[in-house]
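Here the structure is laid out as structure tokens; the discussion comes afterwards.
The values are calculated or read from the model by the stated rules, or taken from the named source; none is laboratory data. As the structure is a computational prediction, the values presented were derived from the model and not from experiment. Counting neighbours? That spans all protein chains shown, and the Cβs are built from the backbone with ideal geometry, glycine included. The accessibility values were calculated without ligands, DNA or RNA, using every heavy atom of the protein model including side chains. Shrake-Rupley method; radii C 1.70, N 1.55, O 1.52, S 1.80 Å.
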Amino acid sequence: MITPLPRSLDPLPGELLAGYVMRLAHRLDVAPDTILRRTGLADCQPNTQAITRTTLSLELPVQRMNDFQTATRLTAAEATALTLLPLAPRYPPIAHSLDVVRAGKRIPALDWLFPSAARYCPDCLAGDKTGLQADHGGPWKTDWRLPVVFACPHHQRFLEHLCPECRRPLTDRFGQLIARPTIAGLHPAQCRAPLAQGSRRTQRTAHLCGARLDQQPAGPPEPLPKELAALQKKITTMLSPDTPAATASEYFTDLQMVSGLVMITWPRARPVAAGVDTRRTDQVLAARQEPSHSIHVSAPPWDALACASILLPADSILSAADLQTALAPLAPVENRTRSGIDPKRHRSWDTAFRRYQDDCSQRFQNAAEYLVSTHRRSGRGGSRLPQRGLDYGPQHVPAFLPLQWAERHLGAFTVAFSVPVLRRTTSAFLVRRALGRTIGDAAEFLGLGIDGKGLGTPITRWARRQGTPQAYERAADAIAAELASSPLIDYRHRRTLLADWTLPPDAWHQIAGQLKRRPSPRYISDDRARLAATAYIWTQVTHGEIQFAPQPTESRDDPGLDAAWSQDRFTVGQWLRQNKVPFYQQMKPLLDAYAAQLTRAVDATRSSRQLSRSLAN
């Protein structure tokens, strides 16, 4: 049964649960293990040492919360403030950890949340030298668990991550809330690392380092450059209630993703701000190139200065007006093919992005479409998934891109590719964005009658050779924006209804009866001309290419018409488009008027039978 402790402590602002327990144990002159047991935080098992998991620093379950409050006489708000729970809505790694813990699963290693306090500010640990802080020290803070907190804004200095005496990291690798909790007599600011490295069962104070973390070597601390001070202030503001939780959550996820790319491609995005020393970052990231190094490539360094040198360019990239262009030098798809970086490093980033992409801002998700070749797939080696956030569907893309759009946005590519190739390829690219799967599937969706091999790849390869690998994607972005802002037309519905349609003979005779000029000697027979005019009208209604017009059933059943069909549609179509042959100059506006009438009828009906009745009326 839990009973109140003889004395308690008021928590200090921003204090971490583990730090509070150590200060309370020091005040009562007992081992932290005693406080953990007396407050209900320890898992007591027969014949074993009590274990207190670090997961309790995320959230205190109801029963443990009640026991802890009873023993310490704290309010629910005070006890909750000792955990990371208040920061969960703003910092996604905490929320992800909570989801796992609440599901009863073992918490995984998270790249952007230290398992325990891995950094500290010596001046904060020293306290304000008044009252209880003079005897028991200042607070171990909750936000020191967050890798994005690399400096102390109050004391304007970088956080430390090594003991000044033994030069060992603070982090306890064995999952305990407090390292070696059974040892009494240690000040909360003393190093708890064993003198013999790797010794887990050290039971005496004399076997521990014991150096005071709040007493650093003589000399001023490393200065905090103004750029990094400004970044830390921005991050602190994001963590505070002054910033909407959704905004902060998206920012930190974006920052995590971009920081991972900065580390993978280092020193490509090395910061050039005055006073920012990147030598530690060089050393830390160089060590990760070794095959034996097991730390996830996107894990932030414990070294606060090295971490800050990564966060600074990442934040700068996220602040760019054109995020896609700013991210382009770090794009995995480029680095895989040109930089020689181990593909495994990018695949691990891809995995992290697939896990956290829903937490990213829509702006970053849109830019990431061109960063990652796998995150839009159903699984490793699986099919590509549709791009989210589009304002159009695959059915709204014309099979042959409007000429004016091509002239506006694809002019730079005409030195190497014909305009028809660019128009056809770009339509397929736009469909693939909305449809997913492969470029061949997009070509089939558009009824192009080709397998998609060669569509797009020559263009993107040419753009890489020109040193502008993102140029084609950016042009496609601009065209997609024009498409989305235009009236959306269901071109697939038009193609479907006109798949077996031919210009009715009576309609053709009505058009031919209005022609005053006589046809030239090269004029083909009436039936062949009608079928060729069918192909031309089909292109006008569906915005397709004449070579992909469906072959009329009549020509398939007539060997004579079948042999002439392909040539006739190209010949007549060319005369109509060129608008120079007098006979076809007179015919073209009549066919265009019929195409406009047919377009209205197709858009107003849902079946071929309804279309036939509509045209008959």
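Observations, loosely collected:
- Note on the stretch 468-484: among residues that are open to solvent by 50 Å² or more (accessible area, probe 1.4 Å) and at pLDDT below 85, the one that is nearest to the chain's Cα centre (by Cα) is Arg474.
- Pairs with Cβ under 7 Å, 6+ apart, first in the stretch 59-71 and touching a residue at least 12 places away in the same chain (Cβ under 8 Å) and closer than 22 Å to Ile94 by Cβ, second of a type in the set (S, T, N, Q) and buried (at least 16 other Cβ atoms within 10 Å of the Cβ): Glu59/Thr83; Leu60/Thr83; Phe68/Thr39
- Checking each residue in the stretch 237-280 for being open to solvent by 30 Å² or more (accessible area, probe 1.4 Å) and closer than 17 Å to Ala368 by Cα picks out only Glu250.
- The one condition in (1) open to solvent by 60 Å² or more (accessible area, probe 1.4 Å); (2) modelled with pLDDT under 95; (3) part of a helix (DSSP H, G or I); (4) charged (D, E, K, R) that Lys234 fails to fulfil: (2)
- For the residues Gly127, Gly131, Gly137, the requirement of being over 30 Å from the mean Cα position of the chain (by Cα) and crowded, with 23+ Cβ neighbours inside 10 Å singles out Gly137.
- Checking Gln63 against (1) part of a helix (DSSP H, G or I); (2) more than 28 Å from Ala184 (Cβ to Cβ); (3) open to solvent by 50 Å² or more (accessible area, probe 1.4 Å), the condition it does not meet: (2)
- Residues in the stretch 543-585 that are part of a helix (DSSP H, G or I) and under 45 Å from the mean Cα position of the chain (by Cα): Ile546, Gln547, Phe548.
- For the stretch 485-519, residues that are among the aromatic types (Phe, Trp, Tyr), more than 44 Å from the chain's Cα centre (by Cα) and either assigned to a helix (DSSP H, G or I) or farther than 18 Å from Ala601 by Cα (or both) total 1.
- Residues within the stretch 558-599 that are hydrophobic (A, V, I, L, M, F, W, C), within 14 Å of Thr539 (Cα to Cα) and touching a Phe, Trp or Tyr at 6+ places or on another chain (Cβ under 7 Å), tallied: 3
- Criterion applied to Thr72, Thr80, Thr52 was being open to solvent by less than 30 Å² (accessible area, probe 1.4 Å) and under 37 Å from the mean Cα position of the chain (by Cα), and the one residue passing it is Thr52.
- When Leu177, Leu162 are checked against the criterion of being at pLDDT 75 or above, out of contact with any Gly (no Cβ under 9 Å at 6 or more places or on another chain), more than 22 Å from Glu15 (Cβ to Cβ) and surrounded by 15 or more Cβ atoms within 10 Å (Cβ to Cβ), Leu162 stands alone in meeting it.
- Subset of the stretch 535-580 [on the phi > 0 side of the Ramachandran plot and modelled with pLDDT of 85 or more]: His543
- Considering the stretch 404-422, the residues that are closer than 16 Å to Pro458 by Cα and among the aromatic types (Phe, Trp, Tyr) include one that is least open to solvent (accessible area, probe 1.4 Å), namely Phe413.
- Some residue of the stretch 318-325 being buried (at least 18 other Cβ atoms within 10 Å of the Cβ), within 28 Å of Pro223 (Cβ to Cβ) and at pLDDT 80 or above: yes
- Looking across the stretch 186-196 at every residue that is at pLDDT 90 or above and in a loop (DSSP other than H, G, I, E, B), the one that is surrounded by the most Cβ atoms within 10 Å (Cβ to Cβ) is identified as Pro188.
- Candidates Arg90, Arg23: the one that is outside any loop (DSSP other than H, G, I, E, B) and crowded, with 19+ Cβ neighbours inside 10 Å is Arg23.
- Residues considered: Ile459, Ile450. Of these, the only one that is open to solvent by less than 30 Å² (accessible area, probe 1.4 Å) and modelled with pLDDT under 85 is Ile459.
- Residues that are within 23 Å of Ala484 (Cα to Cα), at pLDDT 85 or above and assigned to a loop (DSSP other than H, G, I, E, B) within the stretch 406-447 comprise Leu410, Leu446, Gly447, listed in sequence order.
- Of the numbered criteria (1) within 15 Å of Asp500 (Cα to Cα); (2) open to solvent by 80 Å² or more (accessible area, probe 1.4 Å); (3) touching a residue at least 40 places away in the same chain (Cβ under 8 Å), the one Asp557 fails is (3).
- Checked against the criteria, Gln540 does not count as part of a helix (DSSP H, G or I) and more than 50 Å from the chain's Cα centre (by Cα).
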